[in-house]
Amino acid sequence: MENYLADTQHVRRTVKAVEKVKTWQLAVVLLMAVFVTATFLRLNNIGMIERRDAVYAADEAGDAAQLQRRLYDLQRFVSAHMNTDPGRIALERSYQRDNDRLKEEYMARQSDSPYGNVYKQAADVCDPIGQAQGWRWPDVRYTNCIDQELSKYPDASQSQGQFKPLPPEAYYHTFVSPLWSPDFAGWAVVACVVIVVVIIGRLITLGVLKLMLRSKYRQI
């Protein structure tokens, strides 16, 4: 009997010790931790946006060396911070400039064909149409117009090669951020998880201890 009473008193003391920390207090701490976590995650995202905008600015400026530095800076930041997925980066201005240079090369080609430079002749037809319709090389509508014009000179166009834009794949960049990173945001997420585990563990512990008390009372 004395052993049962001693065990019961020990369990009751344990219950009181666990109950000293209220669930609502832990919930308040969790709410504060969630707010801090959201703030750090937002700061990570803002850092990514700033670096992504720097990539677009370098692309617009046409400085190849600067563009590579900005891309590397973005890649390094994204790979080290969670919540920084920038999506697919499209270097539209670089793609346009490189295609413009390619078009100039086609226009400057010399030909022994009696038709002359069929690409220049096709461009002379399609450029005004594109300007009127609001599209330009290397828009697919422009290339379709060029293809239609080149079809009038099949032998000449085949001897001079294909007039096609550059493949766009090399002008797209995709960076993937980690699911968790050891920065302020990452450790804040860990803190939130720990608090949630403590709350669940507390509730389970209280439930088990109360069941033990009821069982011991029945035995007495």
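The values are calculated or read from the model by the stated rules, or taken from the named source; none is laboratory data. Because the structure is predicted, anything quoted here is derived from the model rather than measured. A quick note on method: Cβ atoms are made from the backbone with ideal geometry, for glycine too, and the neighbour counts reach across all protein chains shown.
Selection of segment 165-203 for residues being under 21 Å from the mean Cα position of the chain (by Cα), part of a loop (DSSP other than H, G, I, E, B) and not polar (S, T, N, Q) yields Phe175, Val176, Pro178, Leu179, Trp180, Pro182, Asp183. Here Asn117 meets each of (1) under 16 Å from Tyr171 (Cα atoms); (2) touching a Lys or Arg at 6+ places or on another chain (Cβ under 7 Å) with one exception, condition (1).
Of the residues making up segment 42-62, those that are buried (at least 19 other Cβ atoms within 10 Å of the Cβ) and aliphatic (A, V, I, L, M) number 3. Taking every residue in segment 99-118 that is closer than 16 Å to Thr143 by Cβ and pairing it with any residue that is among the polar types (S, T, N, Q) and at pLDDT 80 or above, at least 6 positions away or on another chain, the pairs with Cβ-Cβ distances below 9 Å are Tyr106/Asn117; Met107/Asn117.
Return the only residue of Trp137, Trp187 being free of Cβ contacts under 8 Å to residues at least 40 places away in the same chain, surrounded by 13 or more Cβ atoms within 10 Å (Cβ to Cβ), of a type in the set (Phe, Trp, Tyr) and over 30 Å from His81 (Cα atoms).
Trp137 is the lone residue from the list that is free of Cβ contacts under 8 Å to residues at least 40 places away in the same chain, surrounded by 13 or more Cβ atoms within 10 Å (Cβ to Cβ), of a type in the set (Phe, Trp, Tyr) and over 30 Å from His81 (Cα atoms).
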